[in-house]
1. Need one number: nm distance between label points at residue 170 and residue 123, each 7 Å from Cα along Cα→Cβ, rounded to one decimal.
2. Enter the accessible area per residue of the stretch 109-191 (Å², integer; probe 1.4 Å; all protein chains in place).
3. Compute, for the stretch 109-191, the length of the dipole vector about the Cα centre, with Cβ point charges of +1 (Lys, Arg) and -1 (Asp, Glu) only. Units Debye, rounded to 20.
4. For the stretch 192-229, run through the trypsin sites (Lys or Arg not before Pro) and keep only the ones in DSSP coil with at most 15 other Cβ atoms within 10 Å of their Cβ.
5. Report the net charge of residues surrounding residue 178, where surrounding means a beta-carbon distance below 15 angstrom and charges are Lys +1, Arg +1, Asp -1, Glu -1.
6. Please count, across the stretch 109-191, the pairs of lysine residues with Cα atoms under 25 Å apart that sit 8 or more places apart or on different chains.
7. In whole percent, how big is the carbon plus sulfur part of the accessible area of the stretch 109-191, probe 1.4 Å, protein atoms only?
8. Given q = 0.13, 0.17, 0.21 Å⁻¹, what are the Debye log10 I(q)/I(0) values for the stretch 109-191, with equal point scatterers placed on the Cα positions and solvent ignored?
Amino acid sequence: MDSSEEHTRCPARGTCPVFLAMSAGTVRYAPLGLCPALEGNLREEPWGTDSPPQPDQGLPPPLAAVPVPWKSTDPCQGHRESPGALVETSAGEEAQGQEGPAATQLDVLRLRSSSMEIREKGSEFLKEELHRAQKELKLKDEECERLSKVREQLEQELEELTASLFEEAHKMVREANMKQAASEKQLKEAGGKVDTILFAEFQAWREAPTLDKTCPFLERVHREDVGPCLDFTMQELSTLVRAAVEDNTLTIEPVASQTLPAVKVAEVECSSTNTCALSGLTRTCRHRIRLGDSESHYYISPSSRARITAVCNFFTYIRYIQQGLVRQDAEPMFWEIMRLRKEMSLAKLGFFPQEA
(Lines give C-alpha, C1' and ligand atoms only; values in the text may rest on other atoms or scores of the structure.)
Protein backbone atom coordinates (compact mmCIF):
# COMPACT_ATOMS: atom_id res chain seq x y z
CA MET A 1 0.00 0.00 0.00
CA ASP A 2 1.31 3.52 -0.85
CA SER A 3 2.25 5.92 1.87
CA SER A 4 0.51 9.26 2.14
CA GLU A 5 0.92 12.44 4.05
CA GLU A 6 -1.70 14.72 5.52
CA HIS A 7 -1.05 18.19 6.95
CA THR A 8 -3.50 19.63 9.39
CA ARG A 9 -3.47 23.24 10.14
CA CYS A 10 -4.54 24.66 13.47
CA PRO A 11 -5.03 28.38 13.96
CA ALA A 12 -3.51 28.24 17.42
CA ARG A 13 -0.44 26.21 16.66
CA GLY A 14 0.16 26.83 13.03
CA THR A 15 1.16 24.16 10.73
CA CYS A 16 1.81 20.85 12.52
CA PRO A 17 2.61 18.15 10.06
CA VAL A 18 1.50 14.54 10.83
CA PHE A 19 3.39 11.92 8.90
CA LEU A 20 1.60 8.63 8.32
CA ALA A 21 3.76 5.97 6.82
CA MET A 22 1.91 2.87 5.53
CA SER A 23 3.48 -0.02 3.80
CA ALA A 24 2.72 -3.65 3.45
CA GLY A 25 1.89 -5.06 6.85
CA THR A 26 2.75 -1.96 8.98
CA VAL A 27 1.16 1.26 10.07
CA ARG A 28 3.05 4.15 11.63
CA TYR A 29 1.57 7.38 12.82
CA ALA A 30 2.77 10.23 15.03
CA PRO A 31 0.52 12.16 17.31
CA LEU A 32 0.17 15.87 16.97
CA GLY A 33 2.63 18.19 18.69
CA LEU A 34 5.80 16.02 18.36
CA CYS A 35 9.07 17.84 18.20
CA PRO A 36 10.86 18.21 14.84
CA ALA A 37 13.63 15.90 15.95
CA LEU A 38 11.24 13.06 16.62
CA GLU A 39 9.36 13.84 13.49
CA GLY A 40 12.54 13.47 11.46
CA ASN A 41 13.11 10.04 12.95
CA LEU A 42 9.81 8.73 11.76
CA ARG A 43 10.49 6.55 8.82
CA GLU A 44 9.26 3.43 7.11
CA GLU A 45 11.13 0.22 7.37
CA PRO A 46 9.78 -2.48 5.14
CA TRP A 47 10.09 -6.13 6.08
CA GLY A 48 9.46 -9.31 4.41
CA THR A 49 6.33 -11.27 4.77
CA ASP A 50 8.26 -14.18 6.22
CA SER A 51 10.02 -12.16 8.99
CA PRO A 52 8.31 -10.31 11.83
CA PRO A 53 8.64 -6.57 12.05
CA GLN A 54 11.44 -5.12 14.22
CA PRO A 55 10.77 -2.17 16.54
CA ASP A 56 12.50 1.12 15.77
CA GLN A 57 15.74 1.83 17.60
CA GLY A 58 15.65 4.69 20.09
CA LEU A 59 11.95 5.34 19.60
CA PRO A 60 9.06 4.52 21.91
CA PRO A 61 7.01 1.56 20.84
CA PRO A 62 4.21 2.33 18.47
CA LEU A 63 0.71 2.62 19.80
CA ALA A 64 -1.41 -0.44 19.45
CA ALA A 65 -3.88 -0.32 16.64
CA VAL A 66 -7.51 -0.55 17.61
CA PRO A 67 -10.16 -1.83 15.24
CA VAL A 68 -12.05 1.44 15.24
CA PRO A 69 -11.67 4.45 12.93
CA TRP A 70 -9.27 7.12 14.19
CA LYS A 71 -10.86 10.48 14.84
CA SER A 72 -9.24 13.81 15.59
CA THR A 73 -9.73 15.12 19.08
CA ASP A 74 -8.73 18.65 18.13
CA PRO A 75 -11.69 20.90 18.79
CA CYS A 76 -10.61 23.12 15.93
CA GLN A 77 -10.81 20.36 13.37
CA GLY A 78 -14.00 18.84 12.16
CA HIS A 79 -14.71 15.09 12.03
CA ARG A 80 -12.33 13.35 9.70
CA GLU A 81 -11.19 9.80 9.38
CA SER A 82 -7.63 8.92 8.67
CA PRO A 83 -6.83 6.63 5.77
CA GLY A 84 -4.49 4.76 8.08
CA ALA A 85 -7.34 4.01 10.41
CA LEU A 86 -9.22 2.45 7.52
CA VAL A 87 -6.21 0.29 6.66
CA GLU A 88 -5.87 -0.72 10.33
CA THR A 89 -9.51 -1.70 10.49
CA SER A 90 -9.23 -3.77 7.36
CA ALA A 91 -6.19 -5.58 8.77
CA GLY A 92 -8.07 -6.31 12.04
CA GLU A 93 -11.04 -7.64 10.18
CA GLU A 94 -8.76 -9.84 8.07
CA ALA A 95 -7.10 -11.23 11.20
CA GLN A 96 -10.48 -11.73 12.79
CA GLY A 97 -11.70 -13.42 9.62
CA GLN A 98 -8.76 -15.84 9.79
CA GLU A 99 -9.30 -16.69 13.48
CA GLY A 100 -13.13 -16.80 13.20
CA PRO A 101 -13.55 -20.28 11.61
CA ALA A 102 -11.16 -21.93 14.09
CA ALA A 103 -12.92 -20.35 17.08
CA THR A 104 -16.29 -21.22 15.63
CA GLN A 105 -15.21 -24.81 15.05
CA LEU A 106 -13.87 -24.99 18.62
CA ASP A 107 -17.16 -23.64 19.97
CA VAL A 108 -19.08 -26.15 17.86
CA LEU A 109 -16.91 -28.98 19.20
CA ARG A 110 -17.45 -27.80 22.76
CA LEU A 111 -21.18 -27.53 22.23
CA ARG A 112 -21.26 -30.94 20.60
CA SER A 113 -19.26 -32.47 23.49
CA SER A 114 -21.55 -30.83 26.05
CA SER A 115 -24.59 -32.00 24.11
CA MET A 116 -23.29 -35.56 24.02
CA GLU A 117 -22.51 -35.47 27.73
CA ILE A 118 -25.96 -34.12 28.53
CA ARG A 119 -27.50 -36.72 26.25
CA GLU A 120 -25.58 -39.54 27.95
CA LYS A 121 -26.54 -38.34 31.41
CA GLY A 122 -30.15 -37.93 30.30
CA SER A 123 -30.11 -41.41 28.80
CA GLU A 124 -28.74 -42.90 32.03
CA PHE A 125 -31.36 -41.02 34.07
CA LEU A 126 -34.13 -42.20 31.79
CA LYS A 127 -32.86 -45.78 32.00
CA GLU A 128 -32.84 -45.62 35.79
CA GLU A 129 -36.35 -44.15 35.82
CA LEU A 130 -37.51 -46.83 33.38
CA HIS A 131 -35.99 -49.59 35.52
CA ARG A 132 -37.59 -48.13 38.64
CA ALA A 133 -40.96 -47.83 36.91
CA GLN A 134 -40.73 -51.42 35.63
CA LYS A 135 -39.87 -52.63 39.13
CA GLU A 136 -42.81 -50.74 40.65
CA LEU A 137 -45.08 -52.03 37.91
CA LYS A 138 -43.97 -55.60 38.62
CA LEU A 139 -44.68 -55.15 42.33
CA LYS A 140 -48.09 -53.71 41.55
CA ASP A 141 -48.82 -56.62 39.21
CA GLU A 142 -47.88 -59.09 41.94
CA GLU A 143 -50.04 -57.24 44.46
CA CYS A 144 -52.94 -57.18 42.00
CA GLU A 145 -52.54 -60.91 41.39
CA ARG A 146 -52.50 -61.60 45.13
CA LEU A 147 -55.57 -59.46 45.73
CA SER A 148 -57.29 -61.18 42.81
CA LYS A 149 -56.65 -64.58 44.38
CA VAL A 150 -57.91 -63.34 47.74
CA ARG A 151 -61.04 -61.98 46.09
CA GLU A 152 -61.65 -65.26 44.28
CA GLN A 153 -61.23 -67.18 47.53
CA LEU A 154 -63.61 -64.85 49.36
CA GLU A 155 -66.15 -65.11 46.58
CA GLN A 156 -65.95 -68.90 46.69
CA GLU A 157 -66.33 -68.95 50.48
CA LEU A 158 -69.24 -66.54 50.21
CA GLU A 159 -70.94 -68.73 47.65
CA GLU A 160 -70.44 -71.80 49.82
CA LEU A 161 -71.74 -69.97 52.89
CA THR A 162 -74.73 -68.66 50.99
CA ALA A 163 -75.54 -72.13 49.71
CA SER A 164 -75.18 -73.57 53.21
CA LEU A 165 -77.42 -70.87 54.68
CA PHE A 166 -80.06 -71.43 52.02
CA GLU A 167 -79.92 -75.16 52.62
CA GLU A 168 -80.23 -74.68 56.36
CA ALA A 169 -83.09 -72.23 55.88
CA HIS A 170 -84.94 -74.67 53.61
CA LYS A 171 -84.35 -77.42 56.15
CA MET A 172 -85.77 -75.29 58.96
CA VAL A 173 -88.76 -74.37 56.83
CA ARG A 174 -89.40 -78.04 56.04
CA GLU A 175 -89.14 -78.98 59.71
CA ALA A 176 -91.48 -76.14 60.69
CA ASN A 177 -93.97 -77.21 58.05
CA MET A 178 -93.79 -80.81 59.24
CA LYS A 179 -94.32 -79.77 62.86
CA GLN A 180 -97.19 -77.54 61.88
CA ALA A 181 -98.78 -80.36 59.90
CA ALA A 182 -98.32 -82.74 62.84
CA SER A 183 -99.82 -80.21 65.24
CA GLU A 184 -102.78 -79.66 62.97
CA LYS A 185 -103.23 -83.41 62.68
CA GLN A 186 -103.08 -83.85 66.45
CA LEU A 187 -105.53 -81.01 66.87
CA LYS A 188 -107.98 -82.70 64.53
CA GLU A 189 -107.49 -85.97 66.38
CA ALA A 190 -107.94 -84.21 69.68
CA GLY A 191 -111.13 -82.62 68.43
CA GLY A 192 -112.49 -86.04 67.52
CA LYS A 193 -110.93 -88.25 70.39
CA VAL A 194 -109.74 -86.83 73.85
CA ASP A 195 -112.15 -86.23 76.52
CA THR A 196 -113.57 -82.66 76.38
CA ILE A 197 -114.10 -82.65 80.15
CA LEU A 198 -110.45 -83.49 80.81
CA PHE A 199 -109.29 -80.78 78.35
CA ALA A 200 -111.56 -78.24 80.02
CA GLU A 201 -110.09 -79.21 83.43
CA PHE A 202 -106.57 -78.76 82.01
CA GLN A 203 -107.38 -75.30 80.59
CA ALA A 204 -108.82 -74.23 83.94
CA TRP A 205 -105.67 -75.45 85.71
CA ARG A 206 -103.41 -73.77 83.10
CA GLU A 207 -104.95 -70.38 83.80
CA ALA A 208 -103.90 -70.70 87.47
CA PRO A 209 -101.35 -73.53 87.68
CA THR A 210 -100.82 -75.04 91.13
CA LEU A 211 -99.54 -78.25 92.70
CA ASP A 212 -102.52 -78.61 95.02
CA LYS A 213 -104.11 -82.02 94.61
CA THR A 214 -107.56 -80.63 95.28
CA CYS A 215 -107.92 -79.02 91.84
CA PRO A 216 -109.98 -81.18 89.43
CA PHE A 217 -107.19 -81.69 86.90
CA LEU A 218 -104.46 -82.86 89.34
CA GLU A 219 -106.94 -84.79 91.45
CA ARG A 220 -107.86 -86.84 88.39
CA VAL A 221 -104.20 -87.46 87.43
CA HIS A 222 -103.34 -88.52 91.00
CA ARG A 223 -106.29 -90.87 91.14
CA GLU A 224 -105.92 -92.42 87.69
CA ASP A 225 -102.13 -92.45 87.12
CA VAL A 226 -99.87 -91.37 90.00
CA GLY A 227 -101.53 -93.45 92.72
CA PRO A 228 -101.65 -96.74 90.78
CA CYS A 229 -98.10 -96.25 89.40
CA LEU A 230 -96.59 -95.82 92.90
CA ASP A 231 -98.68 -98.50 94.57
CA PHE A 232 -96.08 -101.12 95.51
CA THR A 233 -96.24 -104.23 97.65
CA MET A 234 -94.43 -102.56 100.55
CA GLN A 235 -97.21 -100.07 101.40
CA GLU A 236 -95.35 -98.16 104.10
CA LEU A 237 -92.31 -97.52 101.91
CA SER A 238 -94.61 -96.78 98.94
CA THR A 239 -96.29 -93.99 100.89
CA LEU A 240 -92.94 -92.47 101.79
CA VAL A 241 -91.78 -92.67 98.18
CA ARG A 242 -94.96 -90.98 96.89
CA ALA A 243 -94.61 -88.12 99.38
CA ALA A 244 -90.94 -87.62 98.42
CA VAL A 245 -91.83 -87.57 94.70
CA GLU A 246 -94.53 -84.95 95.25
CA ASP A 247 -92.17 -82.85 97.38
CA ASN A 248 -89.30 -83.34 94.88
CA THR A 249 -86.96 -84.71 97.58
CA LEU A 250 -86.34 -88.20 96.21
CA THR A 251 -82.89 -89.14 94.90
CA ILE A 252 -82.09 -92.03 92.54
CA GLU A 253 -78.47 -93.05 92.01
CA PRO A 254 -76.77 -96.03 90.36
CA VAL A 255 -75.18 -98.78 92.43
CA ALA A 256 -71.42 -99.26 92.19
CA SER A 257 -70.13 -102.34 90.38
CA GLN A 258 -68.60 -103.73 93.59
CA THR A 259 -69.74 -103.32 97.16
CA LEU A 260 -67.50 -101.17 99.32
CA PRO A 261 -66.04 -102.60 102.57
CA ALA A 262 -68.27 -102.31 105.59
CA VAL A 263 -65.84 -100.10 107.48
CA LYS A 264 -66.10 -97.40 104.79
CA VAL A 265 -69.90 -97.45 104.49
CA ALA A 266 -71.47 -94.88 106.77
CA GLU A 267 -75.02 -95.12 105.36
CA VAL A 268 -77.54 -97.64 106.57
CA GLU A 269 -78.36 -100.23 103.90
CA CYS A 270 -82.02 -101.22 104.24
CA SER A 271 -81.97 -103.95 101.59
CA SER A 272 -79.59 -106.03 99.56
CA THR A 273 -78.64 -105.69 95.90
CA ASN A 274 -80.59 -108.85 95.07
CA THR A 275 -83.97 -107.85 96.57
CA CYS A 276 -86.20 -104.89 95.58
CA ALA A 277 -87.18 -102.85 98.64
CA LEU A 278 -90.54 -101.80 97.06
CA SER A 279 -91.82 -104.98 95.43
CA GLY A 280 -90.08 -107.51 97.73
CA LEU A 281 -89.09 -109.59 94.68
CA THR A 282 -85.67 -111.06 94.08
CA ARG A 283 -84.24 -108.97 91.31
CA THR A 284 -80.85 -107.58 90.31
CA CYS A 285 -80.93 -104.04 91.68
CA ARG A 286 -78.80 -101.57 89.73
CA HIS A 287 -80.15 -98.42 91.45
CA ARG A 288 -81.01 -97.26 94.92
CA ILE A 289 -83.15 -94.41 96.29
CA ARG A 290 -82.76 -92.03 99.17
CA LEU A 291 -85.71 -90.16 100.70
CA GLY A 292 -85.14 -86.55 101.66
CA ASP A 293 -82.20 -85.95 103.96
CA SER A 294 -82.23 -89.47 105.30
CA GLU A 295 -79.01 -91.43 105.21
CA SER A 296 -80.90 -94.63 104.45
CA HIS A 297 -80.70 -96.15 100.97
CA TYR A 298 -83.14 -98.58 99.36
CA TYR A 299 -82.21 -100.82 96.46
CA ILE A 300 -84.87 -101.01 93.75
CA SER A 301 -85.37 -103.16 90.67
CA PRO A 302 -85.48 -101.80 87.09
CA SER A 303 -89.27 -102.07 87.01
CA SER A 304 -89.69 -100.03 90.20
CA ARG A 305 -87.22 -97.45 88.95
CA ALA A 306 -89.17 -97.07 85.67
CA ARG A 307 -92.43 -96.46 87.55
CA ILE A 308 -90.85 -93.87 89.86
CA THR A 309 -89.10 -92.14 86.93
CA ALA A 310 -92.35 -91.84 84.93
CA VAL A 311 -94.11 -90.13 87.85
CA CYS A 312 -91.12 -87.81 88.45
CA ASN A 313 -91.15 -86.76 84.77
CA PHE A 314 -94.82 -85.79 85.02
CA PHE A 315 -94.34 -83.67 88.14
CA THR A 316 -91.24 -82.01 86.61
CA TYR A 317 -93.22 -80.89 83.54
CA ILE A 318 -96.13 -79.42 85.50
CA ARG A 319 -93.64 -77.59 87.74
CA TYR A 320 -92.11 -76.03 84.57
CA ILE A 321 -95.59 -74.89 83.53
CA GLN A 322 -96.23 -73.43 86.95
CA GLN A 323 -92.93 -71.51 86.86
CA GLY A 324 -93.68 -70.11 83.39
CA LEU A 325 -90.80 -71.92 81.66
CA VAL A 326 -93.06 -73.57 79.06
CA ARG A 327 -94.33 -71.06 76.48
CA GLN A 328 -96.70 -72.98 74.24
CA ASP A 329 -100.32 -73.03 73.35
CA ALA A 330 -102.81 -75.07 75.35
CA GLU A 331 -103.03 -77.94 72.84
CA PRO A 332 -99.27 -78.81 72.74
CA MET A 333 -99.12 -78.66 76.53
CA PHE A 334 -102.14 -80.88 76.87
CA TRP A 335 -100.73 -83.47 74.47
CA GLU A 336 -97.39 -83.50 76.28
CA ILE A 337 -99.23 -84.20 79.55
CA MET A 338 -101.13 -86.98 77.81
CA ARG A 339 -97.84 -88.50 76.66
CA LEU A 340 -96.47 -88.42 80.23
CA ARG A 341 -99.64 -90.03 81.53
CA LYS A 342 -99.22 -92.73 78.88
CA GLU A 343 -95.67 -93.44 80.14
CA MET A 344 -97.01 -93.82 83.69
CA SER A 345 -99.64 -96.26 82.48
CA LEU A 346 -97.11 -98.34 80.52
CA ALA A 347 -94.63 -98.38 83.41
CA LYS A 348 -97.43 -99.50 85.74
CA LEU A 349 -98.12 -102.42 83.38
CA GLY A 350 -94.42 -103.38 83.27
CA PHE A 351 -93.46 -101.86 79.88
CA PHE A 352 -90.20 -99.97 80.24
CA PRO A 353 -86.90 -99.70 78.34
CA GLN A 354 -84.36 -102.43 78.99
CA GLU A 355 -81.66 -99.94 79.94
CA ALA A 356 -83.76 -98.92 82.92
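The values are calculated or read from the model by the stated rules, or taken from the named source; none is laboratory data. Being a predicted model, the structure only gives us computed values, none of them experimental. We place every Cβ from the backbone using ideal geometry, glycine too, and count neighbours over all the protein chains shown. Ligands, DNA and RNA are excluded from the accessible area calculation, which covers all protein heavy atoms including side chains. Shrake-Rupley method; radii C 1.70, N 1.55, O 1.52, S 1.80 Å.
1. Inter-label distance under the simple model: 7.0 nm.
2. Using a 1.4 Å probe on heavy atoms only, each residue of the stretch 109-191 averages 97 Å².
3. 440 debye
4. Here the trypsin sites (Lys or Arg not before Pro) that fit, given the DSSP loop and packing criteria, are 193, 213.
5. Taking every other residue near residue 178 into account, the sum is +2.
6. 10
7. That fraction is 57 percent.
8. Treating every Cα as an identical point scatterer, log10 I(q)/I(0) equals -0.74, -0.87, -0.97.
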